[in-house]
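Just below is one structure, and these are the notes that go with it.
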Amino acid sequence: MVADLYRIAACVGLGLLLQSASPAALAADDSVVDCLFPGQVRRLGASTVTVSPRRQARATVAECQRGGGEYTEPLPAAPAARDASADTMQDLKSWLPMATAGLPDAQVVAGELFERAGKPELARHWYAQAAAQGQPRAMVDLASLLERGSGVPRDAERAMQWIWQAAGLQAWSPRPARGPALWLVDPSAALKLPPAAARSIVWMDSASDEVLVTGRADSPAGIASITVNGQPRTHDADGLFTVPVVLGMQPTLLQVTAHDQAGETASAEYLLQRRATVQAATEAGTPATGAAALPGRRWALVIANQRYERWPGLDTPAADGQAVADTLRERFGFQVALLRDATRQGILAALARLRQQAAPDDQVIVYYAGHGQMDPVTARGYWIPVDADARDLSAWVSVIDVTDQLSAMQARHVLVVADSCYSGTLAGSLVARIDAALSAEQRQSHLGLLSQRRARVAFTSGGLEPVLDGGGGVHSLFAQSLLDVLGQVQAPITAQELSSAVSARFISAGKALHVLQRPAYAPIAFAGHEAGDFVLAPRP
């Protein structure tokens, strides 16, 4: 049946903020809390000199105690009848005095606690206090309120300025990248990522002189019009357009311009040329493989849940997980832990191990393929372990549990890729996007700045709608699109660029299958995101 092709993924969509406190995922000492660590000190003879202010971080109770930090003791699991904001109010009693004393890390925690309690006006006050002291996490949180118009007048322009400042790009460029993004979707095998700053050479393997090229223009404001070589082209609701091209002896130039509903414009040029030999493509000067943007190690946890005991079985997660694990290991140099048919305890234990392994300069990818579900009462999303009872939420893995582990990780860059859904994320436009018109030197500088900031981002195959389990042969349509694009990466790219390329390919391929789902990319709420981006680089 057609329904059997879909993974259950009625999860919270992007933009919904987490409202209630997280239950303890493991033992009490492994519960994740907001900890205020003492400042680092330097001893000079018999005297002691403090050299840094107190530092806020997400950490386990045990880690906070070992570091001499302050935290609020997690309350026991609350009965359903108790006010869900009780834990938040308890936390505020500890953090407000420190916030009032002017500690920016305490101010951003107080703001997030007020936001979770449904008091955005108070959240804005504390975010603004911390942002004025240069706290990038507060800038991101403040931008989120402005982007959504939550408790404040909606101001997307000011929100983007805060993101640009948080990413450290304000002095580097007077104007954040905005407006449409352009992607060539088909012929996919000819494309290389990232695209060239000026003209991209696209090698065509077609034996026919006539080919059909597919592209996509995307903008948060919506696409108003598209022209190719000065002629208007029809586009659908997803910004997809097609161009018939006649190949000759000389390269064929396509000049694509997209205008969005906000009046912004983007342009790109592509030189289409028939490939004569493999050597010809080599001599064309495709982007060279780049070194890692971060000096640390690369870790990946791949979770593939297929053989469920009490839920409908799935067809593709096992093959998806194996292929993704192989690609991350072989092409990108990740140390991969592949978890097949995982239980709740297995998932949480693997996340805890990953958190303990990852050092401050490391990168972490968590990939999940399997069932997802949403509790309609709390609007909380869950990943479903293979042994979970459909009626027992305590046996599921709340994405809050996952977020807590991600927030407590020391790793600077963390990317969650979920072929299901992942709740609790911010508005997807709140990412400092790289402008396609940058020179190679400017692009490298931009990547360097983004890589220095802490990043907690998620790329999901869908939101509230069912997620296709199939459509890509032995893989799901999302996994196949991801694998195809990963195979095209030739130099460092941001996760946002990766997600845009995957989404364009997914949406184009999904038209024939009448797929309703749309992939989404965004920062993860309350996970310590600081306006950076995950920079993915092939191994040298």
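Every read-out reported here was derived from the displayed coordinates using simple, explicitly stated rules and does not represent laboratory data. Note that the structure is a prediction, hence the values are computed from the model and not measured. Reconstructed Cβ throughout: ideal geometry from the backbone, glycine too, with neighbour counts over all protein chains shown.
Observations on the model:
- Cross-link reach list, lysines versus residue 93, counting only Cα pairs under 29 Å and skipping chain neighbours closer than eight places: 119
- For the stretch 197-283, averaging the sequence separation of C-alpha pairs within contact (under 8 Å, six or more residues apart) and dividing by the residue count gives a relative contact order of 36 percent.
- Taking Cα centre as origin and charging only the Cβ of basic (Lys, Arg, +1) and acidic (Asp, Glu, -1) residues, the dipole magnitude of the stretch 197-283 rounds to 200 debye.
- Length gained on full extension, residue 337 to residue 119: 74.4 nm, using 0.36 nm per residue less the C-alpha separation.
- Positive end of the dipole of the stretch 353-415 (Cβ unit charges, origin at the Cα centre): among 405, 395, 358, the Cα lying farthest that way belongs to 358.
- Distance (nanometres) between label positions extended 7 Å along Cα→Cβ at residue 393 and residue 441: 5.6
- All lysines inside 25 Å of residue 192 as judged from Cα atoms, apart from same-chain residues fewer than 8 positions distant: 511
- Residue 310 versus residue 158: modelled label distance in nm, points set 7 Å from Cα along the beta carbon direction: 4.9
- Ordering of 104-111, 213-220, 295-302 by burial proxy (mean other Cβ atoms within 10 Å per residue, highest first): 104-111, 213-220, 295-302
- Relative to one another, the C-alpha centroids of the stretch 294-316 and the stretch 508-532 are positioned 18 Å apart.
- Taking every DSSP bridge with both residues inside the stretch 197-283, close to 80 percent are antiparallel.
- Among 403, 242, 234, the ranking by other beta carbons within 10 Å of each residue's beta carbon, starting with the fewest, stands as 234, 242, 403.
- Shape of the stretch 84-135, Cα gyration tensor, a/c cut at 1.5: oblate
- Within the stretch 218-249: backbone nitrogen closer than 15 Å to the residue 209 label point (7 Å, Cα to C-beta): 245-249
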